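The values are calculated or read from the model by the stated rules, or taken from the named source; none is laboratory data. In this text the structure is predicted, and so the values were computed from the model without any measurement. Glycine gets a Cβ as well: all are built from the backbone with ideal geometry, and neighbour counts include every protein chain shown.
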Amino acid sequence: MGTEVYYEKYRKLSIISLLTGIVAVIFCSLYFLIWALFDDFLTSFVAGYRFMPYVMFSYVCIGACLTIAAVVIGSIDLNNIKAGTYSRKGKGFDMTGIIIGYILILFGFSLWFVDFFDFVNIIS
C-alpha cells in the first residue's frame, strides 16, 4: 500500500485561464489579419452591407470578453493557490493566462488611443 503514486491533476480553472488567453490571442490576431489582408475587398464589397458593423463590433466584444475572462479566472485561481487551499500545480497556467490577458488589454487600449487621437494620420 505504501508504493502507491499520487499525482496531482491540473485544475479546471488553470486550464480555462490558459485556454481563454490563447483563444483570445488567436481571435484578436485573426481580426487584425482580416482587416490588414482584405481591407480593399471589405471596403468595396462588404462595407455596403448594413450588418457588417454589427459583425465587427460583436467580434471585438467577444475578443474583449475572452481577454477579461483569462485575467479574472487566472487571478481567482492564483489567489486560491496563494491562500493555500490549492496546490501549486497549475500556477504557470494561471500566470500565463493573466500575462496574455494584460498584454492584450494593453495592446487594445493603445490601439484605441492611436485611433481616437488620430495618430495614424500624423505618422503617414
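Has segment 30-48 got any residue that is surrounded by 11 or more Cβ atoms within 10 Å (Cβ to Cβ), among the polar types (S, T, N, Q) and modelled with pLDDT of 80 or more? Taking every residue of segment 30-48 in turn, none turns out to be surrounded by 11 or more Cβ atoms within 10 Å (Cβ to Cβ), among the polar types (S, T, N, Q) and modelled with pLDDT of 80 or more. Does G92 fit the bill of being within 20 Å of E8 (Cα to Cα), among the small types (G, A, S) and surrounded by fewer than 18 Cβ atoms within 10 Å (Cβ to Cβ)? So G92 passes the test. Does I26 fit the bill of being surrounded by fewer than 16 Cβ atoms within 10 Å (Cβ to Cβ), at pLDDT 85 or above and under 11 Å from the mean Cα position of the chain (by Cα)? Yes: the conditions hold for I26. Restricting attention to segment 84-116, the residues that are in a helix (DSSP H, G or I) and modelled with pLDDT under 85 total 9.
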